[in-house]
Amino acid sequence: MHAVAIVAAAGSGSRLGADRPKALVELAGRPLVCWAVDGLRAGGVAEVVVTVPAAEREAFAAVLPGDVRIVDGGATRTASVRAGLAAAAAGADVVLVHDAARPLTPPDVVARVLAALAAGAPAVVPVLPVVDTTVLVDDDGAVTEAVPRAPLRRVQTPQGFDRETLVAAYAALPDGAELTDDAAVVRAAGVPVATVAGDERSAKVTVAHDLALAELAVTLGPSGTVTA
Ligand code: CTP
Ligand code: MG
């Protein structure tokens, strides 16, 4: 099974507020995007395509391994993944779509996603349970009801797809339609989405606090991190 990964790295990172695109911000001395690429490869991905802000191609080329393909992303994550998918090798059997903003995704998670695809799932996402009490509120912020949390899951990346299934689903998505993840794109096309266990270490770096936690996780090493 030939697996290609698309790493979405074309965002600006406005909530992190750094002096450069979020994917180039360093964690323990290395850009987030480099951590993400390494994790995918260690988990069994053969080829990697990284979508970047068009104005930053050179900065990404300077830090990424030479065999990683760099593609201009778009104004939204959906547009960036669409661009990456167009560039992903036609020879690929499966495509994984990952956020550069998830630098510490363990290779085991990548391997679980690939195993589910190898077993025949057309689409698969890593998920975690919801541990907090979860409620609905009205327009004034008052609690209206509690939501049973047993069937709720938080969805992470990398999300894995049969390549042709993902290409067809993106082709069917109207131009300008924005969905929050790629599983939503295939679900809109009627494709069932399976789940495998995610990992707390796959947490997305969104704000400065997340980056501080990721630094701590690297410092502590595997024994000091919390697994789901
Ligand atoms: N992304 C992308 N192209 C975009 C927007 C986002 O490839 N036009 C990528 C980001 O680089 C990131 C991932 O999608 O790796 C998840 O998005 P998010 O965490 O929201 O990152 P940013 O959009 O960069 O951050 P912010 O929303 O705070 O500006
Ligand atoms: Mg964003």
Item to complete: Looking only at region 160-171, decide whether some residue is more than 30 Å from Ala214 (Cβ to Cβ) and without any contact (Cβ under 8 Å) to a residue 12 or more places away in the chain.
Response: yes
Fill in: Count - residues of region 194-215 that are part of a helix (DSSP H, G or I) and not polar (S, T, N, Q)
10
Response to the item:
From the option list Asp108, Asp99, Asp72, single residue qualifying as under 27 Å from Val127 (Cβ atoms) and more than 14 Å from the chain's Cα centre (by Cα) is Asp108
Worksheet entry | Test set (1) within 16 Å of ligand 2 (Cβ to nearest atom); (2) buried (at least 24 other Cβ atoms within 10 Å of the Cβ); (3) not in a loop (DSSP other than H, G, I, E, B) - Ala101 fails condition number | (3)
Worksheet item: In the list Pro31, Pro65, which residue meets the criterion of being out of contact with any strand residue (DSSP E or B) (no Cβ under 9 Å at 6 or more places or on another chain) and either away from ligand 2 (no atom under 16 Å from the Cβ) or of a type outside the set (D, E, K, R) (or both)?
Response: Pro31
Discussion item. Can you go through Val218, Val186, Val167, Val191 and tell me which one is in a loop (DSSP other than H, G, I, E, B) and either more than 16 Å from ligand 2 (Cβ to nearest atom) or in contact with a helix residue (DSSP H, G or I) (Cβ under 7 Å, 6 or more places away or on another chain) (or both)?
Written reply: Val191
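Values quoted throughout were computed directly from the atomic coordinates according to the rules given, and no laboratory measurement underlies them. Nothing here was measured: the structure is a model prediction, and the numbers come from that model. In this analysis, Cβ positions are derived from the backbone assuming ideal geometry, glycine residues included, and neighbour counts consider all displayed protein chains.
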